[in-house]
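Colleague: Can you read through this structure? Questions will come right after.
What follows is calculated from the coordinates using simple rules that are stated; it is not laboratory data. If you're wondering where the values come from, they're calculated on a predicted model, not measured in any experiment. Here the Cβ is made from the backbone with ideal geometry for all residues, glycine too, and neighbour counts use every protein chain on show.
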Amino acid sequence: MPVREDEWRDGFIFLANNTALDFLNTCPVVEGTTQELLPDFESVLRWFSVAGLLTQAQLQSLRASRGESAYKKLLAFREE
């Protein structure tokens, strides 16, 4: 089923009304091709911000930390 325009926010799909399912939807299949919406750690932080899960202070703290390890773990979790 195609995603409606109003289900996109800042480049991400939010249609499930459930944060966990919306996170799973960060790797949708569009016209038969998998689309990675979280290609890097900054994208992950942007998704958390758009989802309303982190404050600006928390985002800045995470940016200052070693995010690459967390990024890889988060994507592995999504794929399990």
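Colleague: Suppose we look only past 13 Å in the calculated P(r) of the chain. What percent of the Cα-Cα pairs does that tail hold?
Modeller: Across the chain, Cα pairs with separations above 13 Å total 69 percent.
Colleague: Continuing with this model, one more query. Applying a 10 Å radius around every beta-carbon, put 19-28, 40-49, 65-74 in order of their mean neighbour count, most first.
Modeller: Highest-to-lowest ranking by the protection proxy: 40-49, 19-28, 65-74.
Colleague: Could you please report the charge total around LEU75, scoring K, R as +1 and D, E as -1 over all other residues with beta-carbon less than 12 angstrom from its beta-carbon?
Modeller: After counting each charged neighbour, the total is -2.
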